[in-house]
Amino acid sequence: MVETEALFSAVLDATADAVMVTDRGGFIRRVNPAFEKLTGFEPGSLVGRDARDLFAEINDPEFCAELWEQGETPRYYPSVRSLHADGRAQVHALSMTSIADGAGKPSQFVAVILSESFQTDAATGETRRVGHDALTGLPDRSILADRVGQNILNAKRANKSIALLVMGLDRFTLINDALGYAAGDQMLREVAERLAKVIRVSDTAARLDGDKFAVMTPIAAIDDSVIVAEKVLNAIKKPFQLKGEEVFVTFSIGISIYPTDGEDFDDLLKDSLSAMQYAKQDGGSQYRFFASEMNAKAKNRLELEKRMRAALANEHFVLFYQPKVEPKTNRVKGAEALIRWRDPVHGMIGPGEFIPVAEETGLIVDIGTWVMRKACFQTKAWQDAGYAPVKMSVNVSSMQFKAKDLLDKVKAALADSKLDPKWLELEITESMLMNDVEGAIARMQAVRDLGCGLSIDDFGTGYSSLSYLGRFPITTLKIDRAFVKDVQENPNTAEIARAIIGLSRGLNLEVVAEGAELKEHIDFLKDNGCDSIQGFFYSKPLEAHDFEAKLTKIS
Ligand code: C2E
Ligand code: MG
Ligand code: MG
């Protein structure tokens, strides 16, 4: 009987797949000869290095972070870029497995880069990768089926969705007839190149047959598939140079979604093909979902996006201000700026209805800038009019908070309005901080360095660990209204509310409660030492001139 370790080594040395073992921190413990050969590094030179050096920079950073995350089952990535010793990137399929220690925590990770098998065509003597289409080099239908299957397994586990987009060139036979098959082939090759460029590492592009291609993409929301479809449509719209002529083509795209439209590859493919036919019948150069309600949804989203852009340009957004009252004195000490959309046709629209779409489409960045500026100018105007100053809180969305120019925009809003930074506070939520704690702390500190306050909104609803709280350079905690709502009758809620107030005291933070509607809420919060209270009991959010009536004149 061969010893386990020796057996393990022999297997590793013999396998054609490139294998790397790392510790839980991602540092390389062992690689096999196939791995060294594939990556071109000197034998023995990789052990002890940070494996991320081989994957970072050339892959999506989020993806890299995910590689060394805990997970019980092997994860499979169809196309990952790795770094060759000579500096070039290569693309492979990668599987990642974590090995648990006695306590069930991952102690090591095993990464396997799957070797591609090659086969030689007996007739032509041409060597090509098995499972890849000879003309375009894209994966063929069998590989696509395999990857869709793998992704369905992943999606099932993580409760996620995937989209299968099938696309056919409109009027491709005309091109073949007019310019000949060689030109047709050249076009298909170029279509394949353009497709490969627009997809992400986690996606797979494939050629099905003739003029039909497919893209499989894991999605978080239906809109993600719309974004891919639009990118593909745009990539194909640019003219092709064939036989010295500019040729224009378009795609018809059919989209099906796992799990709503089908449970396996065959079902999804059928659905996507039928949706593609509808797209063609409707004139081509467009996408269609298999499920008709999805088409309505996608249309509504596009419509809303268009209307939002117009609203921004036409100043149809308004800020309302909700007072934050100090319960001891009943004085208004602060305000939260809350956006509303005053639509000439649909009337007043609340942020719940458009902020999520604004976030998905990226429009939130422009809207957020507008809110920031408007709030600063208004606060300064009240000060100039002789009212006792109030601290203005502005909600900042996740995308805004992560944007590189956040600081520049805050600085510009302050400078242009001449508002002293101490009167501005940004409200962020816990969920924005947890993906990249160190990065978030750095950004928070930068905001604090400007002299602005920083508040954690809806505190208690996120899942941030209390151990981080002391490290966050914040000034304020805002208790979520869930812990205020039934505080007068539910001892558990009361206990949590008290704990949050106590925690804020301990960390020397200001504590604000939101959603106080009843006299009992106010009494409880006041008795337990809450600094300020925001809620319908005192006031609903008000338009600027109504809010002004709540302010104290000092000069
Ligand atoms: P939030 O930041 O937690 O704002 C507090 C919400 O609670 C506001 O809803 C406010 O009207 C509501 N509220 C205040 N007091 C009470 C009360 O006593 N009872 C009840 N039931 N509700 C109360 P609103 O204005 O609809 O805003 C909803 C959310 O939309 C905000 O939650 C915030 O996350 C987002 N939002 C609003 N304005 C902006 C903005 O300018 N930018 C961004 N990124 N998000 C915004
Ligand atoms: Mg808020
Ligand atoms: Mg809140």
Net charge over other residues, Cβ less than 14 angstrom from the Cβ of Phe537 (K, R count +1; D, E count -1): +2
Assigned charges on the beta-carbon of Lys, Arg, Asp, Glu; region 473-555 dipole about Cα centre (debye): 180
Net lengthening on full extension, Asp384/Leu450 (0.36 nm per residue, minus Cα-Cα): 21.6 nm
Where N is the number of residues in region 187-332, Cα Rg divided by 2.2 N^0.38 Å: 1.47
Packing-based ranking, highest mean first, of 306-318, 445-457 given that Cβ atoms within 10 Å are counted: 445-457, 306-318
Of every Cα-Cα pair in the chain, the percent that sits beyond 45 Å: 33
Helix 406-417 axis, angle to the chain major axis (alpha carbon atoms, nearest 10°): 30
Cα-based helix-to-principal-axis angle, 491-506 vs the chain, degrees rounded to 10: 90
Pair Tyr468, Ser555: separation of 7 Å Cα→Cβ label points (nm): 4.2
Loop-located chymotrypsin sites (Phe, Trp or Tyr not before Pro) in region 438-483 whose Cβ has at most 10 other Cβ within 10 Å (DSSP): Tyr463
Among Leu144, Gln277, Thr552 - extreme Cα towards positive end, dipole of the chain, charges at beta-carbon: Thr552
Cα long-axis angle, helix 292-313 against the chain (0 to 90 degrees, to the nearest 10): 50
Counting DSSP beta bridges with both ends in region 208-308, the antiparallel % (nearest 5): 50
Gained length - Asp264 relative to Glu69, 0.36 nm times residue gap less alpha-carbon distance: 67.5 nm
Total charge dipole magnitude, the chain, about the Cα centre, Cβ charges on Lys, Arg, Asp, Glu only, Debye to nearest 20: 1520
DSSP beta bridges in the chain [antiparallel fraction, %, rounded to 5]: 70
Percent RCO, i.e. relative contact order, over region 118-290, from Cα pairs under 8 Å lying at least 6 residues apart: 25
Average Cα contact separation per residue, region 346-404, under 8 Å, 6 or more apart, as relative contact order %: 38
Radius, Kirkwood style, for region 354-493 when every pair of distinct Cα atoms is counted (Å): 16.1
At q = 0.23, 0.25 Å⁻¹, base-10 log of I(q)/I(0) for region 494-555 (Debye sum, equal scatterers on each alpha carbon): -0.94, -1.01
Residues Phe537 and Leu153, FRET efficiency given R0 of 51 Å [Cβ-Cβ distance, rounded to 0.05]: 0.50
Cα centroid separation, region 221-271 to region 342-400 (Å): 36
The chain, accessible surface, carbon-and-sulfur percent (1.4 angstrom probe): 52
Probe 1.4 Å, protein heavy atoms only - accessible area per residue of region 118-290 in square angstrom: 47
Region 276-296-region 416-443 distance, computed between alpha-carbon centres (Å): 42
Mean Cα-pair separation over length for the chain, i.e. relative contact order, pairs under 8 Å, 6 or more apart, %: 8
Region 308-550: Rg to Rh, with Rh as the Kirkwood radius over Cα pairs: 0.95
Charge-dipole axis of region 118-290 as Lys and Arg at +1 and Asp and Glu at -1 on Cβ define it, positive-most pick from Ile199, Pro259, Met187: Ile199
Accessible area in square angstrom per residue, region 308-550, 1.4 angstrom probe: 45
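The values are calculated or read from the model by the stated rules, or taken from the named source; none is laboratory data. Owing to the predicted nature of the structure, the values given are computational and were not obtained by experimental measurement. Quick reminder, even Gly has a Cβ in these numbers, built from the backbone with ideal geometry, and neighbours come from all protein chains shown. Heads up: the accessible areas ignore ligands, DNA and RNA and are worked out on the full protein's heavy atoms, side chains in. Shrake-Rupley method; radii C 1.70, N 1.55, O 1.52, S 1.80 Å.
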